[in-house]
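Worksheet for the structure shown next.
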Amino acid sequence: MARASIPTRAAPRRRSFNSDRLWSLVVLLPSAVLLAIFVYGFIFRSGYLSLTDWGNDPAQALSLNPVIKYTGLTNYSNLFGGLLDSRFRQDLVSTLFFTAFFIVACLGLGLGLAMLLDRNPKGEGLWRTIFLFPMSLSFIVTGTIWRWMLQPAGGVNALFGLDPDRHAWLTSNASIWRFDWNKLPLITAVVVALVLLGLASRARQSANRTQMWVAIACAALLVLWAFTLGNSVKMTPVPEYHGFNLAFIGIIIAAVWQMSGYTMALYLAGLRGIPDELREAARVDGASEWGVYRRVIFPLLAPITLSAMIILGHISLKIFDLVYAMTSLNNLNTEVPALLMYITAFQGNQFAKGAAIGMVLLILVAAVIVPYLASQFRRSDRS
Amino acid sequence: MKKALLIAAALAVTGTAAAAGKLEIFSWWSGDEGPALDALVKLYKQKYPTVDLVNATVAGGAGTNAKAVLKTRMLGGDPPDSFQVHAGQELIGTWVVANRMEDLTSLYKSEGWMSKFPKDLIPLLSSKGGIWSVPVNVHRSNVMWYIPANLKKWGVTPPTSIDGLLKTCATLKAKGLAAPISVGDSSFPQPHMWESIALGTLGTQGWADLWSGKLKFTDPRAVKVWTNFGKVMDCTNKDSSGLTWQQATDRVVKGQSAFNIMGDWAAGYMATTLKLKPGTGFGWAPAPGTAGTFLFLSDSFGLPKGAKDRTQAVNWLKLLGSKQGQDTFNPLKGSIAARTDSDVSKYNVYSQSAAKDWRNNRIAGSLIHGVVANETFTSGFGGIVAQFVQNKDANAAAQATQALATQAGIGK
């Protein structure tokens, strides 16, 4: 964007302050000011509050002029390692599992439906409406409907005569894939090392030898650190196990029901955008039907997959209303950080800690969105 | 000039209308509880017809939504004239310590309430030498509900101690009843059951010592509470985390479970909604081990500092504390009057027995309904109970509770 606005010699017209520009400035100014205050100003305020102790002392939490002390990163270190905040850590783990399953299921189902519709079945318009319809509902409505459907002794279980004790969609207490939170440095290092190795293999393909060796060296260093010094890092005073709570299955079903129609629409648009000549050409060259998909269509759909992942990813990271409607507050089996933020700030009056949870969520969402935005801007720059 | 005069006159008129009175009350009573509040509002309008009463209700069980709205209003410097709050530490630990409430001691004295409310009650509403809210109603938390006909069929009687409860549970399990005790989700039914088990394990004095800081949560006696709670949870339905308290009560009514520990709004649900007859259609007993103690919670109204219509708000509080006000509200709400001189003939069979206990029993404060601990503690405690239900680790739960109590300033 910045590059695009540099005046070039080809456009010798005076660019500053003709009436068009003035008007556009006047029209944009109010929303820019509002955005600056109500989005960025409040982000900075939350960020500052998360570094204070507002709410730790009940006497100061809600007084008219609270005395707020700066405490640095205490709230964050408590969230990630304090005895009382294991609940937050479980929520964080839950939300990562939820995000992974939600995205994979939405993409898979959306692509499958789009491929079916792409074959022009009878009544295509009707099917499209039916699949897209759930998206027109709010998460609260979806949540309420699915809460009824997944009742232990009602809904789906009653309809199909399933045993409510074995099909606990929302009420299971079990969790699988448990790991010790203290092993987090190790796990993170291994994951990052794997990503680095992936980069290295890419660099090899593009014959960038220095980049490849740097990536490999970094990965090796990380793994070395993880198994020596990193192994002795203790996050929490006692071992603490977190895993994927099976009660999330019900939430994932509802969320996928709501959003897979949307990915279907995205994919369908993408499929329709692929010219028939390309398919024909591939077929003429002797590609099987599957081969056409694998070699021609799926690569062309990759940008759509990326956009869908970004959109689904940020929805699932900040999800609140669906879970609130389905399992209400204080249900640890299906809790997500956004709910905990609400409980901490508005029930527990610990505003600083609530702000800290909010900042962690912001960073997670930003980690998903910012690279995407950057790549988008770069692309529009090039064009 | 003429126009300006006209405007000035118009302003003066609206000005005097405002002077005739406006009162904004803030509550979470809607739905089933709406008619009871409406009756009170009607009574107020009869007494003060010129006052324009604004009834700001924010719906949502136990006030979760209303409390969040109230906080943003108070922090924004726009307090309602009087707001509903659970009596006790929920008010004291949140708003009184923040110096946001007016002391109502003089109102208690001038209205003669000191002798009209039970002696044990007033200390639980007070701190730092002030009394901070007017209780409108009283609910009992430690009640165990059952269906007499079902118990007869199974050949058991309501147990009176926690050991007895566990023994009865074993008997019923042997007879093929998978979950003799029913409980709802961890939003509040499970912590609610915890407090009755704790009172039954520690006794009235032990319970009070817990909140004054004399008894640590890590004390072996307090750890025993968690062990007992775990054993009781083993007798409960596996689908608990998907059930509301009403659905947990339904299990008892349908004969899928024998007992359920819930506050006495369950009596209202069974009598009004399910049309069961108190005493014969459904029965009740104090939660095991808690006979002779009334674990209470109370909805009350307080007077925030800086209320815009203070005089009207004080009149509202006077009405709430009066015999007429309490006897208008409570029969409709399904609770009992906090005053000991209420007209019991207006109440149903269950409420009459509760009113009798209210006058004779020792009184202890409910935890999860805000009497003995502030919001920081109760909101964190919900998480500890939910975690314990997952891992059944009594020691870890006890340690976490003690850490939470220290953080929330319990017993200071």
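Applying the condition of being in a helix (DSSP H, G or I) and at pLDDT 50 or above to the range B:10-31 and asking which residue is farthest from the chain's Cα centre (by Cα) yields B:ALA20. Figure legend. Inter-residue proximity from the range A:328-347: first residues over 13 Å from B:PHE188 (Cα atoms) and in a helix (DSSP H, G or I), second residues open to solvent by less than 10 Å² (accessible area, probe 1.4 Å) and among the hydroxyl-bearing types (Ser, Thr, Tyr), beta-carbon distance below 6 Å, spacing 6+ or different chains. Indicated pairs: A:THR334/A:THR327; A:PRO337/A:THR95.
Annotation for the range B:293-303: no member residue is open to solvent by 30 Å² or more (accessible area, probe 1.4 Å) and not aliphatic (A, V, I, L, M). For the range B:261-292, the set of residues classified as among the hydroxyl-bearing types (Ser, Thr, Tyr), open to solvent by 30 Å² or more (accessible area, probe 1.4 Å) and assigned to a loop (DSSP other than H, G, I, E, B) consists of B:THR280 only.
A:LYS69 meets all of the listed conditions (1) surrounded by fewer than 16 Cβ atoms within 10 Å (Cβ to Cβ); (2) touching a residue at least 12 places away in the same chain (Cβ under 8 Å); (3) under 26 Å from the mean Cα position of the chain (by Cα) but one, namely (3). Count of the range B:32-82 residues, restricted to those that are open to solvent by 50 Å² or more (accessible area, probe 1.4 Å), more than 10 Å from every other protein chain (Cβ to nearest Cβ) and in a loop (DSSP other than H, G, I, E, B), is 6. The set of residues in the range A:158-217 being within 14 Å of chain B (Cβ to nearest Cβ) and among the small types (Gly, Ala, Ser) consists of A:ALA158, A:ALA168, A:SER172, A:ALA174, A:SER175. Here's a check for you: in the range B:114-156, which residue that is in a loop (DSSP other than H, G, I, E, B) and under 14 Å from B:ASN260 (Cα atoms) is most open to solvent (accessible area, probe 1.4 Å)? Going through the qualifying residues, I end up with B:ILE147. Checked against the criterion of being outside any loop (DSSP other than H, G, I, E, B) and open to solvent by less than 10 Å² (accessible area, probe 1.4 Å), the candidates A:ALA282, A:ALA302, A:ALA269, A:ALA226 yield just one match: A:ALA226. Suppose the filter is within 18 Å of the chain's Cα centre (by Cα) and under 22 Å from B:ARG221 (Cβ atoms); does B:ALA364 pass it? Answer is yes for this residue.
The residue that is nearest to A:THR334 (Cα to Cα), counting only those in the range A:94-106 that are in contact (Cβ under 8 Å) with a residue 24 or more places away in the chain and surrounded by fewer than 20 Cβ atoms within 10 Å (Cβ to Cβ), is A:PHE97.
When the range B:363-388 is filtered for residues that are β-branched (Val, Ile, Thr) and either in a loop (DSSP other than H, G, I, E, B) or more than 7 Å from chain A (Cβ to nearest Cβ) (or both), the ones remaining, listed by number, are B:ILE363, B:ILE368, B:VAL371, B:VAL372, B:THR378, B:ILE384, B:VAL385. Restricting A:MET259, A:MET235 to those that are of a type in the set (A, V, I, L, M) and either surrounded by fewer than 19 Cβ atoms within 10 Å (Cβ to Cβ) or closer than 30 Å to B:ALA396 by Cβ (or both) reduces the list to A:MET235.
Check A:MET149, A:MET135 and return the single one that is modelled with pLDDT under 90, more than 26 Å from B:SER379 (Cβ to Cβ) and within 20 Å of the chain's Cα centre (by Cα). Talk me through it step by step, then tell me what you get.
Numbers: A:MET149 fails: within 20 Å of the chain's Cα centre (by Cα).
Among A:MET149, A:MET135, only A:MET135 is modelled with pLDDT under 90, more than 26 Å from B:SER379 (Cβ to Cβ) and within 20 Å of the chain's Cα centre (by Cα).
Screening A:LEU79 with (1) in a helix (DSSP H, G or I); (2) more than 14 Å from chain B (Cβ to nearest Cβ) gives one miss only, at (2). Screening A:PHE160 against (1) open to solvent by 60 Å² or more (accessible area, probe 1.4 Å); (2) touching a Leu at 6+ places or on another chain (Cβ under 9 Å); (3) of a type in the set (A, V, I, L, M, F, W, C) leaves a single unmet condition, (2).
Tell me, which residue of the range B:98-113 that is touching a residue at least 12 places away in the same chain (Cβ under 8 Å) and outside any helix (DSSP H, G or I) is surrounded by the most Cβ atoms within 10 Å (Cβ to Cβ)?
Applying the first criterion (touching a residue at least 12 places away in the same chain (Cβ under 8 Å)) to the range B:98-113 yields B:99-105, B:107-108, B:111, B:113.
Those left that are additionally outside any helix (DSSP H, G or I): B:99-104, B:111, B:113.
Values: B:ASN99: 12, B:ARG100: 19, B:MET101: 21, B:GLU102: 20, B:ASP103: 16, B:LEU104: 24, B:GLU111: 15, B:TRP113: 20.
For the range B:98-113, the residue satisfying everything is B:LEU104.
Within the range B:390-406, the set of residues being more than 7 Å from every other protein chain (Cβ to nearest Cβ) and crowded, with 18+ Cβ neighbours inside 10 Å comprises B:ALA394, B:ALA396, B:ALA397, B:ALA398, B:GLN399, B:THR401, B:ALA405.
Of the residues B:SER300, B:SER322, B:SER351, B:SER335, which single one is more than 14 Å from chain A (Cβ to nearest Cβ) and within 30 Å of A:GLN350 (Cβ to Cβ)?
Every option except B:SER300 fails the conditions.
Within the range B:162-184, being open to solvent by 10 Å² or more (accessible area, probe 1.4 Å) and in a loop (DSSP other than H, G, I, E, B) holds for B:LYS175, B:GLY176, B:LEU177, B:ALA178. Being out of contact with any helix residue (DSSP H, G or I) (no Cβ under 6 Å at 6 or more places or on another chain) and either in a loop (DSSP other than H, G, I, E, B) or at positive phi (or both) is the filter here, so list the residues in the range B:185-215 that pass it. Matches in the range B:185-215: B:SER187, B:PHE188, B:GLY203, B:GLY213, B:LYS214. A residue that is open to solvent by 10 Å² or more (accessible area, probe 1.4 Å), within 14 Å of chain B (Cβ to nearest Cβ), assigned to a helix (DSSP H, G or I) and closer than 22 Å to B:GLU375 by Cα cannot be found anywhere in the range A:312-322. Pairing each residue of the range B:207-233 that is of a type in the set (Asp, Glu) with any residue that is assigned to a loop (DSSP other than H, G, I, E, B), provided the two are 6+ apart or on different chains, yields C-beta distances under 6 Å for B:ASP209/B:LEU215. Residues in the range B:342-362 that are modelled with pLDDT of 90 or more and either closer than 30 Å to A:LEU332 by Cβ or in a loop (DSSP other than H, G, I, E, B) (or both): 1 in all. Going through (1) open to solvent by less than 30 Å² (accessible area, probe 1.4 Å); (2) within 17 Å of the chain's Cα centre (by Cα) one by one, A:THR327 falls short only on (2). With respect to the conditions (1) within 14 Å of chain B (Cβ to nearest Cβ); (2) modelled with pLDDT under 90, A:SER383 lacks only one, and its number is (1). Going through the range A:142-157 one residue at a time, which ones are on the phi < 0 side of the Ramachandran plot, open to solvent by less than 60 Å² (accessible area, probe 1.4 Å), more than 10 Å from chain B (Cβ to nearest Cβ) and not aromatic (Phe, Trp, Tyr)? Across the range A:142-157, the qualifying residues are A:THR142, A:GLY143, A:THR144, A:ILE145, A:VAL156.
Picking from residues in the range A:344-362 that are within 21 Å of the chain's Cα centre (by Cα) and open to solvent by less than 10 Å² (accessible area, probe 1.4 Å), the one that is farthest from the other protein chains (Cβ to nearest Cβ) is A:ALA356.
The values are calculated or read from the model by the stated rules, or taken from the named source; none is laboratory data. All values derive from a computational prediction rather than experimental measurement. Cβ atoms come from the backbone with ideal geometry, glycine included; neighbour counts cover every protein chain shown. Please note that ligands, DNA and RNA were not included when accessible areas were found on the heavy atoms of the full protein model with its side chains. Shrake-Rupley method; radii C 1.70, N 1.55, O 1.52, S 1.80 Å.
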